[in-house]
Amino acid sequence: EKTGAYMPVDLFRATISRLRKSEAFMNRRVDRVYLYNWGEPFLAPAFNEYLEILRENGLYAVISSNFQKVPDIREENLPVINEVLFSLSGLTDETYGRIHGGSIEKVLANFEAFRSKLKRQSPKTKLFMSWHRYTFNEHEFWDAYRYARRHDIGFIPSVAFLNDLVELVQAAGDQL
């Protein structure tokens with residue numbers, strides 16, 4: 001398989017099946033699966049299938065998304081989502097575009113529509129804004145905080161950091 005591809009459904013099912021047999025699952029120390037790591041979970045073609053497998057196995061999902069795109073998530077799968085991190089790096093096209101590109105207006109509309117649907121189907125799901133702090137967006141920090149409070153979501157600011165060689169080279173060339 002090529003690097004960066006999304007996990008095939010059969011492999012995901014086998015992984016969850018193995019997890020269910022583990023001591024950690026049996027002793028209730030594991031109850032959720034993080035459906036992200038250096039990628040956008042909403043782009044996974046089998047996102048609904050992942051949620052169904054978790055639901056069938058009594059597990060929850062945690063997701064982090066930039067909300068540029070949101071798949072059509074089946075209503076019965078929404079309660080499987082235990083926690084959502086809204087990854088955000090700006091509140092204007094200028095600041096948001098430096099990292100993610102795209103329209104911040106569309107991103108906010110996508111998030112708000114998702115939040116509304118999720119809260120109707122799963123009111124206990126926890127939502128947070130993961131605000132990525134950079135020198136270029138620091139002037140928007142308090143606006144981001146107020147946005148999070150207005151939408152009744154937690155606010156988690158974090159200082160952005162370079163985590164791979166490509167970003168290091170971009171930063172050194174003032175391209176990041």
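The values are calculated or read from the model by the stated rules, or taken from the named source; none is laboratory data. Nothing here was measured: the structure is a model prediction, and the numbers come from that model. When we count neighbours, we look across all protein chains shown, and the Cβ atoms used for this are built from the backbone with ideal geometry, even at glycine. Just so you know, the surface numbers come from the protein's heavy atoms only, side chains and all, with ligands and any DNA or RNA stripped out. Shrake-Rupley method; radii C 1.70, N 1.55, O 1.52, S 1.80 Å.
Straight-line cross-link partners of K69 among the lysines, defined as a Cα under 16 Å from its Cα and at least 8 positions apart when in the same chain: K106, K117. For the chain, the share of accessible area belonging to carbon and sulfur comes to 51 percent (1.4 Å probe, ligands and nucleic acids excluded). Here's how it looks for G154: its modeled amide H is under 5 Å from those of L127, F128, M129, which are all 5 or more places away or on a different chain.
The mean accessible area for residues of the chain, using a 1.4 Å probe and ignoring ligands and nucleic acids, is 60 Å² per residue. For the pair segment 110-158 / segment 13-73, the C-alpha centres are spaced 21 Å from each other.
The residue among T95, A24, V70 whose Cα reaches farthest toward the positive pole of the charge dipole of the chain, with charges on the beta-carbon of Lys, Arg, Asp and Glu, is A24.
When +1 charges are put on Lys and Arg Cβ atoms and -1 charges on Asp and Glu Cβ atoms, the dipole computed for segment 22-117 relative to its Cα centre reaches about 160 debye. Dipole magnitude of segment 1-67 about its Cα centre, charges +1 at Lys/Arg Cβ and -1 at Asp/Glu Cβ only, in debye to the nearest 20? It works out to roughly 280 debye.
Divide by every residue of the chain the summed helix terms, -39500 (n - 2.57) for each DSSP H run of at least 4, and state the resulting mean residue ellipticity at 222 nm, rounded to the nearest 500 deg cm²/dmol.
Working: 7 runs with 69 residues, N = 176.
Helices in the chain give a 222 nm mean residue ellipticity of -11500 deg cm²/dmol.
Of the residues W131, W142, ranked by 1.4 Å probe accessible area with the largest first, the sequence reads W142, W131.
Placing unit charges on each Cβ (+1 for Lys and Arg, -1 for Asp and Glu) gives segment 1-137 a dipole about its Cα centre, and among F128, Y36, L59 the Cα reaching farthest toward its positive end belongs to L59.
Suppose every K and R has +1 on its Cβ and every D and E has -1 on its Cβ; what is the size of the dipole of the chain about the Cα centre, in Debye to the nearest 20? Please report the intermediate quantities before stating the final value.
Details: 23 positive and 23 negative charges, 167 e Å.
With Lys and Arg at +1 and Asp and Glu at -1, about 800 debye.
In the chain, a dipole from Cβ-located charges (positive for Lys and Arg, negative for Asp and Glu) runs towards its positive end, and of V166, P79, A5 it is P79 whose Cα lies farthest in that direction.
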